[in-house]
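The values are calculated or read from the model by the stated rules, or taken from the named source; none is laboratory data. Because the structure is a prediction, the values reported are computed rather than measured. Ideal geometry is used to build each Cβ from the backbone, glycine not excepted, and the neighbour counts take in all protein chains shown.
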Amino acid sequence: MLLDALPHPIIMIDGAGHVAEANSAAQDFFQASIAVLRRQPLEHFVPFGSPLLALIEQVRTRGAAVNEYRVDVGTPRNGADRIVDIYASPVPERPNAVVVLLQEKTMAEKIDRQLTHRGAARSVTGLAAMLAHEIKNPLSGIRGAAQLLESSVDDDDRALTRLICDETDRIVKLVDRMEVFSDERPVERAPVNIHVVLEHVKRLAQSGFARNIRIIEEYDPSLPPVYANRDQLVQVFLNLVKNAAEAIGNVDDGEILLSTAFKPGIRLSVPGSTNRVTLPLEFTVRDNGPGVPADMLPHLFDPFVTTKTNGTGLGLALVAKIIGDHGGVIECDSQQNRTTFRVLMPAFPGAMPADKDD
């Protein structure tokens, strides 16, 4: 069987809910031979009320592929805490049959990291509020004193008072950026055309920091509106495009790809909640720069983590906070000459049909 060569468990469920086929990886995963798997319905091998069963019914109802991330299919038979991503699709040649691929520790790990990114971004909330109060006030006094001194010193010393003013201004700007993290007000959202946002970001980039870089667009023109705050989306993608441009540098063949796509099957179960979140809108920013160091990739969205010599490490942490506040997910995949930031976000509710199984 050709599928036996694949390392991921793959099973085919017939119309009666029984396992019709299973590759070697699936037999190892469920700790049962194909003969045993065929004798019992699938519900015998997964936890009671498992989302996998509902997912299979959803595939049959929709007649289309559906993905779900971070699903626990652990049982005493196959081991507890078996967190997997599920990819399920109808089999055209066999009515009501569904083929299911289980993938361990891929997107499930990414969602875990995303929750960590979100928590890390919010972990500086108290720090930001404290800094705003405890640092900005004395800084204004220091700057005022330096300005008074400036009028009574000679030219050589005036350069030093100017340095004091410039450095206090720089610290105030840093604190102002951190104050954003302490803003816990609900996000004001409305239907937003993401292509208008990306066109605005592209125009800003090409008139400034990315004027020598080719920006390619691959858009899905039929995309429904995203349910978001337009100004915050501009901030997110301007930050991502600016990071991409800085990673590319001054090379002659620098390229940034902006793409949008509709992924109706992308759903995830958030730990600690029984609700499954649908994030069908996928926006990506990809560059052909040197890539992110492997040891830094898991911490890329943490505050104060940066690959830039003079960076503050707050840009991507703020991006993670904004996307998290919108109920979305951001993830980065990087290798040599190919770094991709992928944003998954909800569509405007009025533009999406309700899930039949929710």
Give me the residue from the stretch 334-346 that is modelled with pLDDT under 85 and part of a strand (DSSP E or B) and, out of that set, nearest to the chain's Cα centre (by Cα).
Ser334
Cβ-Cβ under 9 Å pairs, at least 6 apart or on other chains, the stretch 6-30 side at positive phi, far side surrounded by fewer than 18 Cβ atoms within 10 Å (Cβ to Cβ):
Gly17/Pro41; Gly17/Glu43; Gly17/Leu53
Odd one out for Val277 among (1) modelled with pLDDT under 90; (2) in contact with a helix residue (DSSP H, G or I) (Cβ under 6 Å, 6 or more places away or on another chain); (3) assigned to a strand (DSSP E or B)
(2)
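Would you tally the residues in the stretch 1-59 being among the aromatic types (Phe, Trp, Tyr) and surrounded by fewer than 17 Cβ atoms within 10 Å (Cβ to Cβ)?
1
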Within the set of pairs 6 or more residues apart or between chains, which connect a residue that is under 17 Å from Phe283 (Cα atoms) inside the stretch 199-228 to a residue that is among the acidic types (Asp, Glu) and in a strand (DSSP E or B) with Cβ atoms less than 8 Å apart?
Lys202/Glu217; Ile215/Glu255; Ile216/Glu255
Where in the stretch 103-179 are there helices (runs of 4 or more DSSP H), lying wholly inside it, with at least 3 residues that are at pLDDT below 70 and outside the structural domain of Ile83 (by TED's automatic domain parsing)?
107-123, 125-134, 155-179
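Listed here are the residues, each with its yes/no results for (1) among the aliphatic types (A, V, I, L, M); (2) closer than 13 Å to Val99 by Cα; (3) within 32 Å of the chain's Cα centre (by Cα); (4) not in a strand (DSSP E or B).
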residue	(1), (2), (3), (4)
Pro7	no, no, yes, yes
Ala16	yes, no, no, yes
Ala32	yes, no, no, yes
Leu53	yes, yes, yes, yes
Restricting to the stretch 299-323, give me the number of residues that are modelled with pLDDT of 75 or more and among the basic types (Lys, Arg).
1
Consider Val226 against the criteria (1) over 19 Å from the mean Cα position of the chain (by Cα); (2) of a type in the set (A, V, I, L, M); (3) buried (at least 21 other Cβ atoms within 10 Å of the Cβ): it satisfies all of them except one. Which criterion is unmet?
(1)
Give the number of residues within the stretch 243-265 that are free of Cβ contacts under 8 Å to residues at least 60 places away in the same chain and part of a helix (DSSP H, G or I).
2
